[in-house]
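Take a look at the structure set out below.
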Amino acid sequence: MMNCELLATCSALGYLEGDTYHKEPDCLESVKDLIRYLRHEDETRDVRQQLGSAQILQSDLLPILTQHRRDKPLFDAVIRLMVNLTQPALLCFGGVPQEPSLRHHFLQVLAYLQAYKEAFASEKAFGVLSEALYELLQLGWEERQEEDNLLIERILLLVRNVLHVPADLEREQRIDDDASVHDRLLWALHLSGLDDLLLFLASSPAEQQWGLHVLEVISLMFRDQSPEQLAGVGQGRLAQERRTDVAELEVLRQREMAEKKTRALQRGNRHSRFGGSYIIQGLKSIGERDLIFHKGLHNLQNYTSDLGKQPRRVPKRRQAARELSVQRRSALNVRLFLRDFCSEFLENCYNRLMGSVKDHLLREKAQQHDETYYMWALAFFMAFNRAASFRPGLVSETLSVRTFHFIEQNLTNYYEMMLTDRKEAASWARRMHLALKAYQELLATVNEMDVCPDEAVRESSRIIKNNIFYVMEYRELFLALFRKFDERFQPRSFLRDLVETTHLFLKMLERFCRNRRNLMVQNKRKRRKKRKKASAASGDAPYSPEELEAVWPSLAEQLQCCAQGSELGLDSAVPFDAASEVPVEEQRAEAMVRIQDCLLAGQAPQALSLLRSAREVWPERDVFGAQDISPEEEIQLLKQILWAPLPRQQGLEEQGAEQEDEEEEEEEEVLDVVQVSEREFNFLDYLKRFANATVLRAYLLLLRSYKQNGAHTNHCVVKMLHRLAHDLKMEALLFQLSLFYLFNRLLSDPAAGAYQELVTFAKYILGKFFALAAVNQKAFVELLFWKNTAVVREMTEGYGSQDGGSSGGRLPRWSPEEEAQLRELYLAHKDVEGQDVVDTILAHLKAAPRTRRQVIHHLVRLGLADSVKDLPRKGTQIVLWTEDQELELQRLFEEFQDSDDVLGNIMKNITAKRSRARIVDKLLALGLVAERRELYKKRRKKLAPSSLPDEEESLHDFCQEDLDEEENVPEKEDEEDEEEEGGSEAEQAQAGSVLSAECLGQSLHQEGFSAPLLWLQNCLLRAADDREEVGCSQAVPVVPLTEENEEAMENEQFQQLLRKLGVRPPASGQEIFWRIPAKLSPTQLRRMAASLSQAEGEEKLHLGLESKVSGEPGLEEEHQQEEEHQQEEEHQQEHGAHALKTLPLARKKKAGLVSPEEEGTSGGKEQLMMAPKKRQLLDSDEEQEEDKAPEVGVPGIRKKKRFQIEDDDESD
């Protein structure tokens, strides 16, 4: 029942007498009152419903609009009220309500909107709107007022609202080629001339502010249309369309004939009590007996165990998404009008309007989700242009790499929002479908440009494809969409478009690769770096080696004063927590951490007091030093504690809250660093990315509806399956029971002749399966499971064949012999006090190398340990050399000192595994070698006369990580360590090329290429500085900007110099500039830049170097040892398996071997450390060795002298 005030207001509007509407004097105020009522309606939209039930718009507002056009205030108010009344129901309720009562009101409002749409389907109403809009557009910007702009916007919004109302298919029940309400509305719009005004607004530069409104109205006009059908209107039926219709009729005829034949073979319908019952052999009933069939034999074929059962109800949240967009064929006159509108829009408006809308979207001047209209227009009109008469110039605005990037960005954003915003996942899926259609049409247009007779168009297509196939995101897009396909939110049409787009992309990519020998593409890899967090005990960030080096001098002075002064009170410093549940014997590591915290806080007396108290509490094995330790040895021990990366234990409450399968390790923060590089593209390797169960499930889901699919869709599905089975030789990937069930249904289909491609492929796969089943009887069981590539290889090559290989990515299995050895080692060493049982097991395992984590988890799996927490690390990071270990090291050195690789052989045979840097330091401390050069690996190769001496060619990297570090890093990071070692060896190999590059540089100087050489030198130095600042490197193009540099880059001798320096020439078809490779380190780049110096400067540098390196050799050796020790401490991450060992014998032996010459130069060491050097930050012992000046008595190498002086000059 209508509200009294609302009824009185509607009565004050006026009345209709015949065809004439008589308005009341208070008509304008009544219209404003209705607007006010609508503003204050409740959540059920009661005012809107009452006005709709009273048909105010049909009986009052439309007559006022058409008959009182000249009353401008009343006309403006009526337009404003009609815009409010025709507002979409989704906007009124904020979506489709879930509550039943609100849903009822939603459907009621929707019914009133559909009645409004039918009332607007008249030429008179649109004629008035068109006339008013035309008069407003005649006004110039100087004459147009703010009210005029508001009225233009409201007219466009009114047309938008009316066109947006969805059709009531159940009430209309219109067939194709019949005029629906929407068709009549479009015809009225055409007769009124409003379509011409829309074209004017889209093409006029002065009316760009209405671009999004116009685009929205046009998208609603073509809502139910197909661009391919519109392009063919009025041109007669094409031969391809006739063949398609004939094929569909043939399928229907074959099915009808099969049904007639089946009915003819059936018996009569008259019941026969002598029909009998039958036993079906091989088909068991509920019990153990064969099934008894009580019906006629003609019904046996349709028998299934599900007969008579209640169908399983699918929950609403798991139901497949419904198709919302329905395409229908409008009346012929409407289609002809729409076709002409599309042609005129492409000719005069498309490029200008799409550019304006794109600018609004990028500048964020549009409303939320307005980019969906842009993507719809792109897909629709580019498809129309491709189907009508392909002219790339008409759509040139959206035919660019920037458009690909824009669509890909939005598609990825919708994809991510669909995964996160689960409540609105269906809406995000519809937007993602629009973006996918736009992306598909862009690819189809580029593919059509390849066959264009114009050479310029084909070249543009090649450039676009070159950019699209190069970028990694465009190649990975389809894989991501397949992996996250969810049929609950994404309809079957989305899957169809995704399969067809992937088919087109793969076809274009395969043809693009076929015409090129090597295609270079961009590759991005996320490298995970783990950064240790500050422990809860210290509360501060971990100190870098440079900071510790700066802190130690002040601490050393305090410790010397404390050691020489009065005795410290031991009673005040308690090194253990008596109230802790952890036994006192196991609190040694925590005491070491407390000592380190005191040192870091600058509290040297407290640290020394804690050290002496801990020595009194834990005197065994001299962990905190011997009882008769000297003050100097105490200070050295405290320095080692300060530099040691001690393990930080968590609190008991945190440990109890953790899961049992977590290891007791330091907390680590994972940092994802994206490394961009280039690699050669292999199409088959890319195709292997689709060989997984998730992608196959999506293709199988689409193939189930092969009867409803089009011929092209079925071809795309079969082509992908054929690529996986035939091209990749992975037929076993398709050995799946659900797929075989579909093949059985296909082969038994009476109309199977119409799907010849599907039938041929099904027979091929079945033949391969039965051939494999004759050899592998387990293939029948494998039908029940989806498979990956590793399982496929095992099925075809034999089970267990992939376990031993390293390419499978699996961890090596534990054999029974290895498990027995593991059990024996654990039982033998688990009760030994003071040693880490896991590290002992790792040292004695004779099988394949294992990590600490693998050993611990397998011990838990065998039941030898209850949890990984039962096997924590024991001791600290400070692992000192015992007397027996020093004797073993001497014996191994004497045994292998004549071999080519002394250090490598020692590391292979030493019992207590240590890092290379620790072994080198110990050999130097014991006096077994005088300098590190004696431990370099000897290389046996022929040298050119201009190559380096033996000393410099045998450089090797000693700064590798400890072998025991394997448990702290993933297995993939071990490969990265090997790559870093290979990089250092590449630096060694490059040292020989620098000398030949120096000769080429001198000859180019003489030929007048001094300026290009200086430019090249600056390029190398800038690249080195950038790589040091950023921390990651990528290939840098060498771009000549002057004519002189361009001529030099074309010179053959200059190009030879570039190759000698390691600069990579441009790849064919992909690059035009030379590039500085990403693998060159900043040190290498500076070395190459130094080799380009002129010959005049070399003599001065040589003389300066001879005068500078004439100092004491002991000073240089001491400085070298200090830098090596600093570098070793910086890269050290080993968690040793031994506790602190005894110090006295090692220290006395070490002190006895120090020469007086070295002791005399210790005072000058600090002065040398303070000397500014640009190349003090080194990455390896090799680079550190190269920066050293040669000792007196050793023949100097001129190249090395020049580098040293250049570095010093740069630092000054």
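One residue is enough: does the range 106-122 have a residue meeting the conditions open to solvent by 20 Å² or more (accessible area, probe 1.4 Å) and part of a loop (DSSP other than H, G, I, E, B)? Looking for residues that are open to solvent by 20 Å² or more (accessible area, probe 1.4 Å) and part of a loop (DSSP other than H, G, I, E, B), one finds at least one in the range 106-122, hence yes.
Conditions tested, residue by residue: (1) closer than 25 Å to E259 by Cβ; (2) out of contact with any Gly (no Cβ under 7 Å at 6 or more places or on another chain); (3) in contact (Cβ under 8 Å) with a residue 40 or more places away in the chain; (4) not in a loop (DSSP other than H, G, I, E, B).
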residue: Q281; (1), (2), (3), (4): no, yes, no, yes
residue: G287; (1), (2), (3), (4): no, yes, no, no
residue: K295; (1), (2), (3), (4): yes, yes, no, no
residue: Q310; (1), (2), (3), (4): no, yes, no, no
residue: A321; (1), (2), (3), (4): no, yes, yes, no
residue: S325; (1), (2), (3), (4): no, yes, yes, no
residue: R328; (1), (2), (3), (4): no, yes, yes, no
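Residue count for the range 782-793 under the criterion of being in a helix (DSSP H, G or I) and under 20 Å from L687 (Cα atoms): the result is 5.
Evaluating S11 against the criteria (1) out of contact with any strand residue (DSSP E or B) (no Cβ under 9 Å at 6 or more places or on another chain); (2) open to solvent by less than 10 Å² (accessible area, probe 1.4 Å); (3) not aromatic (F, W, Y) leaves one unmet condition, (2). Looking across the range 1036-1057, just one residue is touching a residue at least 40 places away in the same chain (Cβ under 8 Å), open to solvent by less than 30 Å² (accessible area, probe 1.4 Å) and under 19 Å from A1023 (Cα atoms), and that is L1057. Taking the listed residues A480, A429, A444, the one that is small (G, A, S), open to solvent by less than 10 Å² (accessible area, probe 1.4 Å) and part of a helix (DSSP H, G or I) is A429, with no other qualifying. When you scan the range 796-805, do you find a residue that is part of a helix (DSSP H, G or I) and either at pLDDT 80 or above or not aromatic (F, W, Y) (or both), even just one? Within the range 796-805, one or more residues are part of a helix (DSSP H, G or I) and either at pLDDT 80 or above or not aromatic (F, W, Y) (or both).
Select from the range 1026-1035 the residues that are assigned to a helix (DSSP H, G or I) and open to solvent by 60 Å² or more (accessible area, probe 1.4 Å) and list them in ascending order. Hits for the range 1026-1035 are D1026, E1028, E1029, V1030. Within the range 350-364, is even one residue more than 38 Å from the chain's Cα centre (by Cα), crowded, with 19+ Cβ neighbours inside 10 Å and aliphatic (A, V, I, L, M)? Looking through the range 350-364, none of the residues is more than 38 Å from the chain's Cα centre (by Cα), crowded, with 19+ Cβ neighbours inside 10 Å and aliphatic (A, V, I, L, M).
Within the range 751-775, the set of residues being assigned to a loop (DSSP other than H, G, I, E, B) and in contact with a helix residue (DSSP H, G or I) (Cβ under 6 Å, 6 or more places away or on another chain) comprises just one member, A751.
The rows are residues; the columns are (1) at pLDDT 80 or above; (2) open to solvent by less than 10 Å² (accessible area, probe 1.4 Å); (3) assigned to a loop (DSSP other than H, G, I, E, B).
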site	(1), (2), (3)
E567	no, no, yes
D571	no, no, yes
E585	no, no, no
R594	yes, no, no
L608	yes, yes, no
D628	no, no, yes
P645	no, no, yes
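List the pairs whose first member sits in the range 1006-1026 and is in contact (Cβ under 8 Å) with a residue 40 or more places away in the chain, whose second member is open to solvent by 40 Å² or more (accessible area, probe 1.4 Å), and whose Cβ atoms are under 7 Å apart, counting only residues at least 6 apart or on separate chains? As it stands, the answer is P1012/E1044; A1023/V1036, since those pairs meet every condition given.
Scanning the range 143-156 for residues that are open to solvent by less than 40 Å² (accessible area, probe 1.4 Å), closer than 22 Å to S192 by Cα and either in contact (Cβ under 8 Å) with a residue 60 or more places away in the chain or not β-branched (V, I, T) (or both) yields D148, N149, L151, I155, L156. It is to be established whether one or more residues within the range 1064-1078 are in contact with an Asp or Glu (Cβ under 6 Å, 6 or more places away or on another chain), at pLDDT below 85 and among the small types (G, A, S). No, because not a single residue in the range 1064-1078 is in contact with an Asp or Glu (Cβ under 6 Å, 6 or more places away or on another chain), at pLDDT below 85 and among the small types (G, A, S). Considering the range 729-750, and only residues there that are out of contact with any helix residue (DSSP H, G or I) (no Cβ under 6 Å at 6 or more places or on another chain) and assigned to a loop (DSSP other than H, G, I, E, B), the residue that is farthest from A773 (Cα to Cα) turns out to be D749.
L1101 satisfies every condition listed in (1) buried (at least 18 other Cβ atoms within 10 Å of the Cβ); (2) at pLDDT below 80; (3) assigned to a loop (DSSP other than H, G, I, E, B) except (3).
Taking residues in the range 864-893 that are open to solvent by 20 Å² or more (accessible area, probe 1.4 Å), and partners anywhere that are acidic (D, E) and at pLDDT below 80, the pairs with Cβ atoms closer than 6 Å and at least 6 places apart or on different chains are K869/E664; P872/E664; K874/D836. Contact map, the range 826-839: first residue of a type in the set (A, V, I, L, M, F, W, C) and part of a loop (DSSP other than H, G, I, E, B), second residue surrounded by fewer than 19 Cβ atoms within 10 Å (Cβ to Cβ) and modelled with pLDDT under 80, Cβ cut-off under 9 Å, separation 6 or more or different chains; the map is empty. Among the residues in the range 486-497, are any touching a helix residue (DSSP H, G or I) at 6+ places or on another chain (Cβ under 6 Å) and closer than 17 Å to M382 by Cα? For the range 486-497, residues touching a helix residue (DSSP H, G or I) at 6+ places or on another chain (Cβ under 6 Å) and closer than 17 Å to M382 by Cα: present.
The set of residues from the range 316-335 being over 40 Å from the mean Cα position of the chain (by Cα) and exposed (fewer than 15 other Cβ atoms within 10 Å of the Cβ) comprises L332, N333. What about L57, is it open to solvent by 20 Å² or more (accessible area, probe 1.4 Å) and of a type in the set (A, V, I, L, M)? Spelling it out, it is not the case that L57 is open to solvent by 20 Å² or more (accessible area, probe 1.4 Å) and of a type in the set (A, V, I, L, M).
With respect to the conditions (1) open to solvent by 70 Å² or more (accessible area, probe 1.4 Å); (2) assigned to a loop (DSSP other than H, G, I, E, B), A179 falls short on a single one, namely (1).
One residue alone among A820, A843 is loosely packed, with under 13 Cβ neighbours inside 10 Å, at pLDDT 75 or above and aliphatic (A, V, I, L, M), and that residue is A820.
The values are calculated or read from the model by the stated rules, or taken from the named source; none is laboratory data. As the structure is a prediction and not an experimental result, all values here were calculated from the model. All Cβ positions, even for glycine, are placed from backbone atoms using ideal geometry, and neighbour counts span all protein chains on display. Please note that ligands, DNA and RNA were not included when accessible areas were found on the heavy atoms of the full protein model with its side chains. Shrake-Rupley method; radii C 1.70, N 1.55, O 1.52, S 1.80 Å.
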